[in-house]
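Starting off with a structure, shown below.
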Amino acid sequence: MINIAIDGPAGAGKSTIARKLAANLGYIYVDTGALYRAVGVNAMRNGADTKNAEQVTATLSSAKVSLRFVEGEQRVFLGEEDVSLAIRTPEASMAASNVSAIPAVREFLFDLQRDIAKANNCIMDGRDIGTVVLPEAQVKVFLTASAEVRAKRRYDELLAKGMEADYNQVLEEMVQRDYQDSHRAIAPLKQADDATLLDTSEMNLEQVLEALETIVKEKI
Ligand code: DC
């Protein structure tokens, strides 16, 4: 199977780009952040403090997280509940970042991600795909952009979804989440040694997609 790993900080455009590239290539797109978000939401619903490893770990037995692909589109389930929308709030973002620093949570989600990659040609995005989950991926890209550009993109995205948002708050939360994600002890956000760096601060969607397709053609 061909696996393409895309890592990078929040709001770098990973999901938008990976989804389009996957559609062009006929691969499935796997958004691993959604798994951490689902675990975070499940922990919150069970009254756990998402920074407390012991409390969060105790909620894992009730976290029946699964991914289903409907017409190539990923949906995230907690048991039989489709939580694909519920995991997109700012609270769920922070809860995901908090629980993702807990080793038991990463272990809990590891096989799920590996199994999908073993069975499918896929583009998987996250923070540790090229470094930990799929170190043997044929293509690895580290997608980034300045914090201001990423915050503006995320802010526009929230407004487009009809959610309320404040740009400065989005920026602040993003910077905090990036710091947490890149400074945790286990599987921190970082560029794999053999990943190609793509800074999209000054690029539009078409340019990023074109650059990515060139990288993929070179490697496969
Ligand atoms: O990609 P996202 O913003 O939906 O991810 C939410 C959080 O999940 C992110 O702040 C860190 C964590 N995460 C992770 O630790 N490892 C991944 N492979 C994907 C996400």
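The values are calculated or read from the model by the stated rules, or taken from the named source; none is laboratory data. This is a predicted model, so every value here is computed, not measured. Surface areas here come from the heavy atoms of the whole protein model, side chains and all, with no ligands, DNA or RNA. Shrake-Rupley method; radii C 1.70, N 1.55, O 1.52, S 1.80 Å.
Per-residue accessible area for PHE69 at 1.4 Å probe radius, Å² rounded to 10?
70 Å²
Something else about it: Evaluate the relative contact order of the stretch 53-152 (contact order divided by residue number), counting alpha-carbon pairs under 8 angstrom at least 6 apart; express in whole percent.
Answer for the stretch 53-152 is 15 percent.
Return the long-range amide H neighbours of ILE2 (sequence gap of 5 or more, or a different chain), with a cut-off of under 5 Å between placed amide H atoms.
The list, which skips near neighbours in sequence, is ASN121, CYS122.
While we're here: Taking only Cα atoms and a 10 Å spring cutoff, compute GNM fluctuations for the chain and point out the largest among VAL139, VAL41, VAL70.
VAL70
Moving to a separate point now. How long are the semi-axes of the equivalent ellipsoid of the stretch 28-150, defined as square roots of 5 times the Cα gyration tensor eigenvalues? Whole Å, largest first.
Equivalent-ellipsoid dimensions as semi-axes: 23, 17, 15 Å.
From the phi angles alone, apply the Karplus equation (6.51, -1.76, 1.60; θ = phi - 60°) to the stretch 149-157 and give each ³J(HN,Hα) in whole Hz, x where the residue is Gly or Pro.
5, 5, 5, 5, 5, 5, 4, 4, 5
Stretched out fully, how many nm does the piece from SER146 to SER66 gain, at 0.36 nm a residue minus the Cα gap?
25.5 nm
Near the amide H of ALA192, under 5 Å away, which other amide H atoms are found, from residues 5 or more places off or on another chain, if H is placed in the peptide plane?
none
When the helices in the chain are scored as -39500 (n - 2.57) per DSSP H run of 4 or longer and the sum is shared across all residues, what 222 nm value do you end up with, to the nearest 500 deg cm²/dmol?
-15000 deg cm²/dmol
Can you work out ³J(HN,Hα) from phi for every residue in the stretch 161-174, in order, using Karplus 6.51 cos²θ - 1.76 cosθ + 1.60 and θ = phi - 60°, giving whole Hz and x for Gly and Pro?
Each residue of the stretch 161-174 in turn: 7, x, 8, 7, 7, 10, 3, 5, 5, 4, 4, 4, 5, 5 Hz.
Taking all protein chains as present, what is the carbon and sulfur share of the accessible area of the chain, in % to the nearest whole number, probe 1.4 Å?
Summing carbon and sulfur atoms, their accessible area is 51 percent of the total for the chain.
Amide H neighbours of ALA145 under 5 Å, at least 5 residues apart or on other chains, H built in the peptide plane: list them.
Here THR200 satisfy the definition.
Report ³J(HN,Hα) in whole Hz for each residue of the stretch 71-85, in order, from the Karplus equation J = 6.51 cos²θ - 1.76 cosθ + 1.60 where θ = phi - 60°; Gly and Pro get x.
6, x, 9, 6, 10, 10, 10, 10, x, 9, 8, 7, 9, 3, 8
Evaluate the relative contact order of the stretch 73-212 (contact order divided by residue number), counting alpha-carbon pairs under 8 angstrom at least 6 apart; express in whole percent.
Relative CO of the stretch 73-212 lands at 29 percent.
Work out how much length GLN176 to GLU80 would gain on full extension: take 0.36 nm times their residue separation and subtract the Cα-Cα distance, in nm to one decimal.
Extra length from GLN176 to GLU80 when fully extended: 31.3 nm.
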